[in-house]
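Before any comments, here is the structure.
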Amino acid sequence: MKILKQVLILIVISLLGEVLKYLLPLPFPSSIYGLIILFLALQFKILKLDDIKTISDFLISIMPIMFIPPSVGLMESYGLLKDLWLVVILVGIVSTFLIMTSTGLVSQMIIKKGGNKHD
């Protein structure tokens, strides 16, 4: 029952993100709105971390599986990308480096300010 409640919480937040996507004239996908809603709900203590921890841990553990469909899509688009493979690889490497660097710096900044109180 606990997992069902946690799944329903995430579904409701996703639904709210979809609603905001259609109500606001901003060019953001509904998943971004959902993440913002979830962040604000956790930040303002509307939700506690324990309210979604089990399902969040599960979703994080299966995250690598979620990259399989985009990878297959890239393989199917090989004909379109074969002339651009060097650019695609370069963009992938540079963006991965930038994301890892910025995530590490932000994480260190949060830890230094004592933001790791949920463990």
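None of the figures in this text is laboratory data; all of them are computed from the coordinates on show. Everything numeric in this text was worked out from a predicted model, so none of it was measured. Virtual Cβ from ideal backbone geometry, glycine too; neighbours counted across all protein chains shown.
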Lysine pairs with alpha-carbon atoms under 28 Å apart, the chain, spacing 8 or more or separate chains: 22
Inter-probe distance in nm under a simple model that places probes 7 Å from Cα toward Cβ, at L23 and D50: 3.1
Label-to-label distance, nm, for residues given as S31 and D83 (7 Å Cα→Cβ offset): 3.0
For L47, distant residues with modelled amide H under 5 Å away: L42
Nearest-ten-degree value, helix 85-112 long axis tilted from longest Cα axis of the chain: 20
Volume per residue of the C-alpha convex hull in region 1-103, rounded to whole Å³: 157
The chain: angle of helix 2-23 to the longest principal axis, Cα-based, in degrees nearest 10: 70
Nitroxide proxy distance, nm - points 7 Å out along Cα→Cβ at S107 and M66: 1.7
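Determine the shape class of region 48-103: with a ≥ b ≥ c the square roots of the Cα gyration tensor eigenvalues, call it rounded for a/c under 1.5, and otherwise prolate if a/b is greater than b/c, oblate otherwise. Don't skip to the answer; put the middle values down first.
On the way: a/c = 5.45, a/b = 1.85, b/c = 2.94.
In terms of gyration-tensor shape, oblate.
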Degrees separating the helix 30-43 axis from the principal Cα axis of the chain, which is the longest one: 30
Cβ-defined net charge surrounding I52, 14 Å radius [Lys, Arg +1; Asp, Glu -1]: +2
MRE, 222 nm, helices only [DSSP H, n ≥ 4, -39500 (n - 2.57), over the chain, to nearest 500]: -23500 deg cm²/dmol
